[in-house]
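Notes follow the structure.
The values are calculated or read from the model by the stated rules, or taken from the named source; none is laboratory data. Here the structure is a predicted model, which is why all the values come from computation and not from measurement. Note that each Cβ is placed from the backbone with ideal geometry, even for glycine, and that neighbours are counted across all protein chains shown. Remember, those area values only see protein heavy atoms, side chains included, never the ligands or the DNA or RNA. Shrake-Rupley method; radii C 1.70, N 1.55, O 1.52, S 1.80 Å.
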Amino acid sequence: MKQLEFKDFYRASRDACLRAVLASVGDRQLAEDLVAEAFTRAWTAWPKVSRHPAPRAWIVRTALNTRVSWWRRRRREVTLGGVPDVAAGTVGDPGLDPTLLAVLRQLPQRQREVIAYRVFLDLDTLATAKVLGIAPGTVTAHLSRAVATLRGHLVTVDKPEVGR
């Protein structure tokens with residue numbers, strides 16, 4: 001029963017969680033790795049995760065926390081010379097417009113997280129605040145700033161010609 005229930009959750013949630021993490025981290029390969037790790041952790045703790053009020057939010061939060069852990073660990077590693085870096089975001093994502101992704105990458109981290117939970121996971125303000133550990137008013141403020149920035153970069157308004 002546990003396996004079937006988790007499999008259904010995975011199928012129904014993977015794409016939404018991937019889009020939410022991708023919106024937050026801005027790198028397709030990293031987002032896929034983080035989501036895979038989060039689902040692996042969810043599988044091992046499925047009785048607990050399945051009772052969570054927002055299991056998708058648990059996945060995204062775990063993925064983002066894993067990123068921080070990886071970043072801390074990587075910071076201590078010695079880099080090898082002569083190893084080329086892989087370009088971030090070179091593979092397109094059919095579920096997320098590349099232009100939107102580029103603008104999302106320019107947002108501050110907390111605004112990207114709020115967008116990920118509120119827009120991509122469709123959590124309400126209170127649930128988002130609880131997951132991120134911030135006040136609901138702070139969620140609203142970050143969402144408002146993020147939407148204004150996105151609107152400024154993505155929305156074009158046709159201005160009528162003057163003087164005719």
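Within segment 18-69, the set of residues being open to solvent by 50 Å² or more (accessible area, probe 1.4 Å), without any contact (Cβ under 8 Å) to a residue 60 or more places away in the chain and outside any helix (DSSP H, G or I) comprises 51, 52.
Can you tell which of 80, 104, 100, 96 is at pLDDT below 90, of a type in the set (A, V, I, L, M, F, W, C), in a loop (DSSP other than H, G, I, E, B) and open to solvent by less than 70 Å² (accessible area, probe 1.4 Å)?
On the way: 80 fails: open to solvent by less than 70 Å² (accessible area, probe 1.4 Å); 104 fails: in a loop (DSSP other than H, G, I, E, B); 100 fails: in a loop (DSSP other than H, G, I, E, B).
None of the other options fit; the residue is 96.
Just name the residue that is least open to solvent (accessible area, probe 1.4 Å) out of those in segment 1-17 that are within 21 Å of residue 123 (Cβ to Cβ) and out of contact with any Phe, Trp or Tyr (no Cβ under 9 Å at 6 or more places or on another chain). Taking the candidates together, the pick is 12. Within segment 116-134, the residues that satisfy the criterion of being out of contact with any Ser or Thr (no Cβ under 8 Å at 6 or more places or on another chain), in a helix (DSSP H, G or I) and not small (Gly, Ala, Ser) are 119, 120, 126, 128, 130, 131, 132.
Among the listed residues 148, 129, which satisfies the condition of being closer than 19 Å to residue 100 by Cβ, at pLDDT 85 or above and either out of contact with any helix residue (DSSP H, G or I) (no Cβ under 6 Å at 6 or more places or on another chain) or open to solvent by less than 30 Å² (accessible area, probe 1.4 Å) (or both)? Reasoning before the result, please.
Working: 129 fails: closer than 19 Å to residue 100 by Cβ.
Matching residue, one of 148, 129: 148.
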